[in-house]
Every structure is written in C-alpha cells, then in structure tokens.
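The values are calculated or read from the model by the stated rules, or taken from the named source; none is laboratory data. The shown structure was predicted, so the numbers you read here are calculated from the model rather than taken from an experiment. Every residue, glycine among them, receives a Cβ derived from its backbone with ideal geometry; neighbour counts consider all protein chains shown. These area figures cover heavy atoms from the full protein model, side chains too; ligands, DNA and RNA do not enter into them. Shrake-Rupley method; radii C 1.70, N 1.55, O 1.52, S 1.80 Å.
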Amino acid sequence: MGIIVKPLVTEKQTKITEKFGNRYGFVVLRTADKAEIKKEIEELYDVKVVKINTMIVPAKRKSRYTKAGVIEGRVPSYKKAIVTLAEGQTIDFYSNI
C-alpha cells in the first residue's frame, strides 16, 4: 500500500470531474504502474476502475519578490494518474471531513 500520495483537488481537475462525471485525479509514486494504481484505488474506495492514464508533470521554477530581494526555487515533479470509473460510480473525497 501507499502508492497513492493524495487525491488531486485542483480547479482544473474539478472541471474535468464535472464534465465527465467519472474521472478523478491522484498524485501517485513515480515507481507505480497502472496495475498497482488500479488495485489500490479499487481497494481503498470500493469502486470498479475502467481506465487509467498516467503522466509525469515536470518540475517548475518559481520566483517571488520580497524585501530581501528575489527568491528563486523550484517545485518538484510528480506522477499524476487520471482514473476513469465504471458508469454510475463516484468517489467522495469529502465524506470524512
């Protein structure tokens, strides 16, 4: 276990979920493959996974202006999985808040 790092709850991913209804995004470990991701999501959320698309999001350079001057850094890269569920199934990320 521990392949799924966290669910993606961003503005862009929320629009995709609203448009298609059965697609959800997750940040996963870089070493995870599609079979492992499918198995863990089906166990954690008790749903049937139809399709998984994975992608590696590249690192980004960031800078901000402060009193001390410009501070530069970078945001690390990560692997993202877009999971398509069977018709009529959903995942509720906010159920245990």
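Examine segment 47-57 for a residue that is in a loop (DSSP other than H, G, I, E, B) and open to solvent by less than 70 Å² (accessible area, probe 1.4 Å), and state whether such a residue exists. Looking for residues that are in a loop (DSSP other than H, G, I, E, B) and open to solvent by less than 70 Å² (accessible area, probe 1.4 Å), one finds at least one in segment 47-57, hence yes.
LYS51: basic (Lys, Arg) and under 14 Å from the mean Cα position of the chain (by Cα), yes or no? Taking the combined requirement at face value, the residue does not satisfy it.
Among residues of segment 1-19 that are farther than 17 Å from SER95 by Cα and touching a residue at least 12 places away in the same chain (Cβ under 8 Å), those with a beta-carbon under 7 Å from a residue that is charged (D, E, K, R) and not in a helix (DSSP H, G or I) at least six positions away or on a different chain give the pairs ILE16/ARG23.
The test for being free of Cβ contacts under 8 Å to residues at least 40 places away in the same chain and either touching a helix residue (DSSP H, G or I) at 6+ places or on another chain (Cβ under 8 Å) or among the aliphatic types (A, V, I, L, M) (or both) does not hold for VAL27. Scanning segment 58-97 for residues that are in contact (Cβ under 8 Å) with a residue 60 or more places away in the chain, surrounded by 10 or more Cβ atoms within 10 Å (Cβ to Cβ) and part of a loop (DSSP other than H, G, I, E, B) gives ALA86, GLN89, THR90, ILE91, PHE93.
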